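**Q** One structure coming up, written as structure tokens, with questions to follow.
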Amino acid sequence: MIQTTENVNKKNLSFFVSAGEESGDIHGSKLITSMKKRYPNCQFVGHGGNKMAAQEVQILEHIDNLSMVGFSEVIKHLPYMKRVMTLTIKKITEINPARIILIDYPGFNLRLIKKISSFGIPITYFILPQVWAWKENRVRIIREFVDQSLSIFPFEPDWFKDRGVSVRYVGHPFSESSPPKISRRNFFKKHNLDPKNPTLILLPGSRQQEVNRHWNILLKTIKILRSGIPNLQVIVGKAPSVTLSLGSENICIEHDSKAALHFGSAAIIASGTATLEAAVENIPFIVCYRMSSFSWSLLQWLSKVSYASMVNLIGKKEIVPEFLQKKMTPENLSKALFPLINEQTKRESMRNDFSQVIKMLGEPGVYDRLAKEILRKHTLC
């Protein structure tokens, strides 16, 4: 049976949180901050990263180990993931949390839901699996076992409603984007760059597996671009767990990718969360991605959507060019980037489309609304 308000200890309310990627760690830390503001006696255990740890979450497994992409990569690490699942179930049984909060990371979290379905612990899912894009049959797991589904995309509630799932749209976290703390002048000064020169931002991915597939192609792209734009400056946004070999190219490393996108002229971005963040920062960009041949073939077979980038999916058209798999070549990338760096008309056209996408992300205050929705389930808000 699902726990009721009567058997929840209001003095110390414990939650198990499962976030398996860098973006989930960010969302988790901000949600936990908002929940503690509303109810200071909340305690948290689960999977996450340094940002969640900074909010006094007892980290069970770190995202540096959990973050992987592609079917073949997951299969390769299957024994490890089975151990993590066993450890997770053991911990949940031990602490008997008032609620389990799942953040994105569907490959693991959907399996976890099935494993603990008999425990009677209520489940919140924030950033729902994109079952509307592929493997629609997974919606059954959410319908049967998740008692609170919280969405970040405006089109999801209607889609899920048609399939028997009640979903509440709380807005997208990027709706509350704020300017970087560093000034434009100091940002370029830090990197010893000229703010007057065009600056290309590279976001090759947040996982080492992604970067390994993308990096050499991006280095060759830079060479082509610099042959036509000699004063081109390049900054790469580097995730904490990623290692890079810069080679002979003059490239600056920046750990704050948001600041890099805010001050850059144009960008090349690996498909993922960062594409929507780039639109919010109003920087013209192109999308790229490569995965294993097996993963790509399987994705092509299962996918129901026409685009990889969320910007294009929300806009319902190709706002940003996408270069996936074999189309991701230095020649294709450089050809698409030249006009985005040099031609003001092309840049403004893309930015106009960005403004329409941003309007659909909702109002600021996402994490406060999230905290309120979750705590309301325990009559604490």
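**Q** State all residues of the stretch 156-185 that are aromatic (F, W, Y) and in contact with a helix residue (DSSP H, G or I) (Cβ under 8 Å, 6 or more places away or on another chain); if no residue qualifies, say none.
**A** F160, Y169, F174
**Q** If you don't mind, another one. Filter the stretch 93-125 down to the residues that are outside any helix (DSSP H, G or I), farther than 20 Å from H27 by Cα and polar (S, T, N, Q) and list them by number.
**A** N96, S117, S118
**Q** For the stretch 230-283, which fully contained strands (runs of 3 or more DSSP E) count at least 1 residues that are of a type outside the set (A, V, I, L, M) and in contact with a strand residue (DSSP E or B) (Cβ under 7 Å, 6 or more places away or on another chain)?
**A** The strands (runs of 3 or more DSSP E) meeting that bar are 233-237, 252-254.
**Q** Continuing with the same structure: Tell me, which helices (runs of 4 or more DSSP H) wholly within the stretch 126-226 include 1 or more residues that are buried (at least 16 other Cβ atoms within 10 Å of the Cβ) and not assigned by TED's automatic domain parsing to the domain that holds S18?
**A** 184-190
**Q** Okay, next question. Look through the stretch 347-361, keep the residues that are out of contact with any Lys or Arg (no Cβ under 9 Å at 6 or more places or on another chain) and surrounded by 16 or more Cβ atoms within 10 Å (Cβ to Cβ), and return whichever of them is farthest from G24 (Cα to Cα).
**A** Result: R347.
**Q** Among all residue pairs at least 6 apart or on different chains, which show Cβ distances below 9 Å where the first residue, located in the stretch 325-337, is farther than 16 Å from L202 by Cβ and the second is at pLDDT below 95 and among the aliphatic types (A, V, I, L, M)?
**A** Going by the 9 Å Cβ cut-off, the qualifying pairs are Q325/M291.
**Q** Hey, another quick one. In the stretch 27-64, how many residues are free of Cβ contacts under 8 Å to residues at least 60 places away in the same chain and out of contact with any strand residue (DSSP E or B) (no Cβ under 9 Å at 6 or more places or on another chain)?
**A** The total comes to 3.
The values are calculated or read from the model by the stated rules, or taken from the named source; none is laboratory data. Computed from a predicted model, the values in this text were never measured in an experiment. When we count neighbours, we look across all protein chains shown, and the Cβ atoms used for this are built from the backbone with ideal geometry, even at glycine.
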